[in-house]
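First comes the structure, then the notes that go with it.
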Amino acid sequence: MSMVFAPCLTETTAPTTHAQPAWSPYDNNGGTCVAIAGEDYCVIAADTRMSTGFSILIRNYSKIHQITEKSVLASSGFQADIRALQKNLDARHQIYQHQHNKQMSCPAMAQLLSNTLYYKRFFPYYAFNVLGGLDNEGRGCVYSYDAVGSYERSGYSSQGTGMQLIMPVLDNQLKSASPLVLPLQKSTTPLSEFEAVDLVKDTFASAAERDIYTGDAVEIVIINREGVRRELMDLKRD
Amino acid sequence: MFRNQYDTDVTTWSPAGRLHQVEYAMEAVKQGSAAIGLRSKTHVVLATVNKASSELSAHQKKLFKIDNHIGIAMAGLTADGRVLSRYMRSECINHHFVFESPLPVGRLVVQVADKAQVCTQRSWKRPYGVGLLVAGLDETGPHLYQNCPSGNYSEYQAFAIGSRSQAAKTYLERKFETFMECTKEELIRHALFAVKESLQEEELSSGNCGVAVVGIDEPFVVLDPKTLQSYIESLETGKEEQQTMEETGTDDRQSLQVQHEGTGSRGISVGAGDDSPTDMET
């Protein structure tokens with residue numbers, strides 16, 4: 001009789017699973033993005049394959065978007081959300097330019113991107129972003145994000161389906177000493193621009209071997225004092 | 001304009017069928033310092049007379065970029081103009097977001113006009129006290145429009161609004177037929193001449209005027225003081241060249257004589273062959 005009213009403490013209830021939805025608003029179009037910051041340059045790269053499931057949709061789709069004179073955004077994930085995010089940032093940047101009579105700096109854009117992502121905390125942009133550019137002093141900067149806007153400035157980063165393959169390689173080649181070690185080392189790498197571009201090409205070629213979503217070509221954007229330059233390197237198409 | 005008993009409210013008609021408040025708003029535009037616009041087949045130029053409220057203060061901003069292909073010059077209550085320009089910028093950005101193409105100038109002008117009209121039919125609002133000259137480029141070419149506080153708008157080849165704009169308009173009326181074929185530099189010079197007419201006594205300098213240009217493949221830009229000053233200086237040299245040309249020109253003697261009478265007090269020897277410029281007093 002007491003059983004009716006007292007909650008049973010020994011019995012464990014099976015965890016209820018959320019019913020599998022019949023339709024998802026998201027899709028993963030795959031791809032990988034990488035960025036490396038240098039003393040006076042920044043290299044941002046992304047492959048150009050857009051896939052869905054096990055199929056390839058486009059072999060030459062650009063995941064890279066230049067938002068300001070000095071900031072370039074590379075994003076992998078759901079390309080429809082990414083396009084909407086890019087347009088959103090463009091519009092916000094236009095407003096900023098009207099109000100302040102100048103372009104946004106890279107750190108300012110980094111914060112704006114974080115806020116824009118968090119704004120949709122409860123229906124996120126399925127975008128894994130890497131923002132690269134030059135800061136106010138002309139030094140390279142790289143910011144990497146999660147889907148809801150958590151971000152951090154670092155010397156290098158990668159996101160996307162090939163991230164797990166590329167990040168360890170970058171760590172091996174570029175990792176600066178721990179911040180606990182004094183004297184403090186800057187968060188930029190000692191590579192030259194040419195070496196950095198070469199490293200990026202190597203990492204993509206390697207990632208394309210094992211990651212089925214990465215391949216076709218890698219688009220590399222280099223920002224330095226002179227401006228913005230583009231390179232395109234073919235990758236394996238399988 | 002005399003005060004009468006039908007002008008308290010914008011929503012009260014006068015027996016003569018007028019809305020006095022709207023007309024008073026247009027007066028505010030006429031009191032503001034002049035703004036001039038003119039266009040050619042490829043460019044539109046806006047010029048403003050910049051008045052500083054005192055020697056200590058900076059000049060008021062009267063030229064605003066709305067989008068890469070549209071800009072405005074305003075006359076009247078510049079605060080109202082700033083609010084309208086914020087609205088126009090927002091409309092351009094939203095249009096571009098949805099359609100990924102620039103908002104056609106004419107459409108924007110109509111939207112502003114409709115916004116202005118609302119203020120003429122609400123008892124808790126007042127009309128905007130600013131007149132806008134909207135310069136823009138779209139698929140159909142370069143355009144110049146005027147927006148009134150009344151909610152009216154019209155397209156122009158060249159126009160001037162604000163105080164002493166009549167002087168500028170007279171100059172424009174004289175010259176407007178040549179505008180279509182003008183180059184950008186010639187158009188800017190015409191604009192500066194028009195501003196000069198409005199300034200009357202004052203010397204034209206980069207401190208008391210502003211110029212902005214928009215053209216095919218050229219985004220709207222307000223000229224910086226240095227560039228502006230060089231254009232102003234070219235006006236002087238241009239004028240001298242013009243006058244010496246008139247005197248020693250290859251035209252026949254008859255027309256030369258007529259022109260000399262026009263230019264007034266200059267010592268000129270007429271008749272004896274081609275006189276070199278050094279013989280003239282310049």
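Table for the structure above
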{"item": "Residue order, fewest to most beta carbons within 10 Å, for B:Glu186, B:Glu177", "result": "B:Glu177, B:Glu186"}
{"item": "Vicinal HN-Hα couplings computed from phi for the range A:193-206 (Karplus, 6.51 cos²θ - 1.76 cosθ + 1.60; Hz; Gly/Pro x)", "result": "4, 4, 5, 5, 4, 4, 4, 4, 4, 4, 5, 5, 4, 5"}
{"item": "Nonlocal amide H pairs with A:Ala217, under 5 Å, H built at 1.01 Å", "result": "A:Thr48, A:Arg49, A:Leu235"}
{"item": "Cβ-based exposure ranking for A:Phe204, A:Phe194, A:Phe122, B:Phe159, in which fewest neighbours within 10 Å come first", "result": "A:Phe122, A:Phe194, B:Phe159, A:Phe204"}
{"item": "Mean-position separation - Cα centroids, the range A:77-93 and the range B:161-237, in angstrom", "result": "41 Å"}
{"item": "Shape parameters for the range A:99-154, alpha-carbon atoms, Rg then Dmax in Å", "result": "12.0, 36"}
{"item": "B:Ile66 long-range amide H proximity, modeled H, under 5 Å", "result": "B:Gly71, B:Ile72"}
{"item": "Test item: A:94-100 mean partner chain Cβ contacts at 10 Å", "result": "4"}
{"item": "Stokes-Einstein translational diffusion, chain A - Kirkwood Rh over all Cα pairs, 0.890 mPa s, 25 °C, in µm²/s", "result": "128 µm²/s"}
{"item": "Placed amide H near B:Asn50: partners under 5 Å, 5+ positions off or other chain", "result": "B:Cys209, B:Gly210"}
{"item": "Cβ-based exposure ranking for B:Lys41, B:Lys62, B:Lys196, in which fewest neighbours within 10 Å come first", "result": "B:Lys41, B:Lys196, B:Lys62"}
{"item": "Karplus-derived 3J(HN,Hα), 6.51/-1.76/1.60, for each residue of the range B:209-218, Hz, glycine and proline x", "result": "8, x, 9, 9, 10, 9, x, 4, 6, 10"}
{"item": "Cα centroid separation, the range A:105-125 to the range B:105-152 (Å)", "result": "35 Å"}
{"item": "Karplus-derived HN-Hα couplings along the range B:88-99 (A = 6.51, B = -1.76, C = 1.60, θ = phi - 60°), whole Hz, x at Gly and Pro", "result": "5, 4, 4, 4, 5, 5, 5, 4, 5, 4, 7, 9"}
{"item": "Rg(Cα) / (2.2 N^0.38 Å) computed for the range B:86-163, rounded to two decimals", "result": "1.16"}
{"item": "Sorted peptide list for B:67-76, A:60-69, criterion being average Cβ within 10 angstrom, highest first", "result": "B:67-76, A:60-69"}
{"item": "Packing rank of B:213-226, A:150-163, where each peptide gets the mean count of other beta carbons within 10 Å, highest leading", "result": "A:150-163, B:213-226"}
{"item": "Estimated FRET transfer efficiency when R0 is 60 angstrom, pair A:Arg121-B:Arg18 (beta carbons, to 0.05)", "result": "0.60"}
{"item": "Potential extension, A:Gln111-A:Ser55 segment - 0.36 nm per residue separation minus Cα distance", "result": "16.6 nm"}
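Just so you know, all these numbers are worked out from the coordinates, no wet-lab data involved. Worth saying up front: this structure is predicted, and the values here are computed from it rather than measured. Here Cβ is always computed from backbone atoms with ideal geometry, including for glycine, and neighbour counts include all displayed protein chains.
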